[in-house]
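Peer 1: I'd like to ask you about the structure that follows.
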Amino acid sequence: MGELIETKEKQERVILVGVSVDDGNDTEKSLLELKELAYTAGAQVVGMIIQNREQISSAAYVGKGKLDEIAEMIRDTKASGIICDDELSPAQMNNLSDDLDVKIMDRTMLILDIFAKHAVSSEGKLQVELAQLKYRSSRLVGANSSLSRVSYGIGMRGPGEKKLEIDRRLIRSRIAELKAQLEDVEKTRGVTRQLREKGNIPVVAIVGYTNAGKSTLLNHLTGAGILEADMLFVTLDPTTRIFRFESGQEVLFTD
């Protein structure tokens, strides 16, 4: 009888790592935002480390001494991975993975994972999967060992929880397929947009940074009933609802 495989997603314990290369660079504030992103993705932050350097290490993001400090914190906190505040190169990701022997993630990977978790519409799921595949295809050399260390948790999920084999040929084929599907979606959306324009209904866009209260405002104005949560990037797909003034004038609000 084969070995049973645990498929339930476990909460990951992560350490946040940032590099400050400028006295005016508020790295601590940036790491606090990264902490909120990790929370939104479902991770538990068990430590934060900032290194002050003249420039980010091209080899391993941080210097050798700081690597030893991170390794010690990993042992002490039993962390399953680290999340770096900047986008990592393939070489940085590979070297960190070899030195620390845990899952290595960066801010971009984390945000894409959050998008994958919260994408609802077909178009949203297609766009997220396309972005993830483009990201991974450019980092196959560096990300391969790191992504294979843990088969669950943040940084690994995609629309439909699909685990795609990291293979250049398959990724190129899937990217082409997704682009074709998105072109079809865009054509359909174009027809809808033309019909809306013929109706001469004004459109108002609600614009602002993540977690600024856009969904709350739209719900208050139109009763849209979309998700409200005190988390970063928790709402991904755009929502359009009609609003009628007492005068009878109709306006479309889009979050």
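The values are calculated or read from the model by the stated rules, or taken from the named source; none is laboratory data. All values reported here derive from a predicted model rather than from experimental measurement. Glycine also receives a Cβ, built like all others from the backbone with ideal geometry; neighbour counts cover every protein chain displayed. Only protein heavy atoms, including side chains, enter the accessible area calculation; ligands, DNA and RNA are left aside. Shrake-Rupley method; radii C 1.70, N 1.55, O 1.52, S 1.80 Å.
Peer 1: Tell me yes or no: at least one residue of segment 241-248 is β-branched (Val, Ile, Thr), farther than 26 Å from ALA38 by Cβ and modelled with pLDDT of 70 or more.
Peer 2: The answer is yes, given that some residue of segment 241-248 is β-branched (Val, Ile, Thr), farther than 26 Å from ALA38 by Cβ and modelled with pLDDT of 70 or more.
Peer 1: Just one of the numbered conditions (1) in a helix (DSSP H, G or I); (2) modelled with pLDDT of 70 or more; (3) over 30 Å from ILE70 (Cα atoms) is not true of VAL204; which one?
Peer 2: (1)
Peer 1: Inspect segment 75-95 for any residue being within 12 Å of GLY18 (Cα to Cα), assigned to a helix (DSSP H, G or I) and not polar (S, T, N, Q) and give the result as yes or no.
Peer 2: Restricting attention to segment 75-95, the residues satisfying the condition of being within 12 Å of GLY18 (Cα to Cα) are 82-88.
Pick out the ones that are also assigned to a helix (DSSP H, G or I) and you get none.
No.
Peer 1: Residue by residue through segment 102-138, note down the ones that are over 29 Å from ALA60 (Cβ atoms) and among the polar types (S, T, N, Q).
Peer 2: Matches in segment 102-138: SER121, SER122, GLN127.
Peer 1: Residues LEU164, LEU88, LEU147: which one is modelled with pLDDT under 85, open to solvent by less than 30 Å² (accessible area, probe 1.4 Å), out of contact with any helix residue (DSSP H, G or I) (no Cβ under 6 Å at 6 or more places or on another chain) and closer than 30 Å to ILE74 by Cα?
Peer 2: After applying the criteria, what remains is LEU147.
Peer 1: Filter segment 10-35 down to residues that are assigned to a strand (DSSP E or B) and open to solvent by less than 20 Å² (accessible area, probe 1.4 Å) and give me whichever is nearest to SER80 (Cα to Cα).
Peer 2: Within segment 10-35, the first condition is being assigned to a strand (DSSP E or B), and the residues that meet it are 13-20.
Filter once more, keeping what is open to solvent by less than 20 Å² (accessible area, probe 1.4 Å): 14-20.
Values: VAL14: 6, ILE15: 8, LEU16: 12, VAL17: 14, GLY18: 18, VAL19: 21, SER20: 24 Å.
Only one residue tops the list, namely VAL14.
Peer 1: Identify the residue in segment 109-140 that is touching a helix residue (DSSP H, G or I) at 6+ places or on another chain (Cβ under 7 Å) and of a type in the set (Val, Ile, Thr) and, among all such residues, is nearest to LEU16 (Cα to Cα).
Peer 2: My answer is ILE111.
Peer 1: Say whether the condition of being in a strand (DSSP E or B), open to solvent by less than 10 Å² (accessible area, probe 1.4 Å), in contact with a helix residue (DSSP H, G or I) (Cβ under 7 Å, 6 or more places away or on another chain) and of a type in the set (A, V, I, L, M, F, W, C) is met by at least one residue in segment 97-108. If you could, list the steps in order and put the result at the bottom.
Peer 2: Within segment 97-108, the subset in a strand (DSSP E or B) is 103-106.
Subset that is open to solvent by less than 10 Å² (accessible area, probe 1.4 Å): 103-106.
Next, from what is left, pick out any that are in contact with a helix residue (DSSP H, G or I) (Cβ under 7 Å, 6 or more places away or on another chain): 103-104.
Within this subset, residues satisfying the condition of being of a type in the set (A, V, I, L, M, F, W, C) are 104.
Yes, segment 97-108 has at least one match.
Peer 1: Another question, if that's okay. Restricting to segment 36-73, what's the tally of residues that are open to solvent by 70 Å² or more (accessible area, probe 1.4 Å) and within 11 Å of ILE15 (Cβ to Cβ)? Talk me through it step by step, then tell me what you get.
Peer 2: Step one: filter segment 36-73 for residues open to solvent by 70 Å² or more (accessible area, probe 1.4 Å), giving 36, 39, 44, 48, 52-55, 58, 64, 68-69, 72.
If we keep only those that are within 11 Å of ILE15 (Cβ to Cβ) as well, we get 44, 48, 69, 72.
Qualifying residue count for the region: 4.
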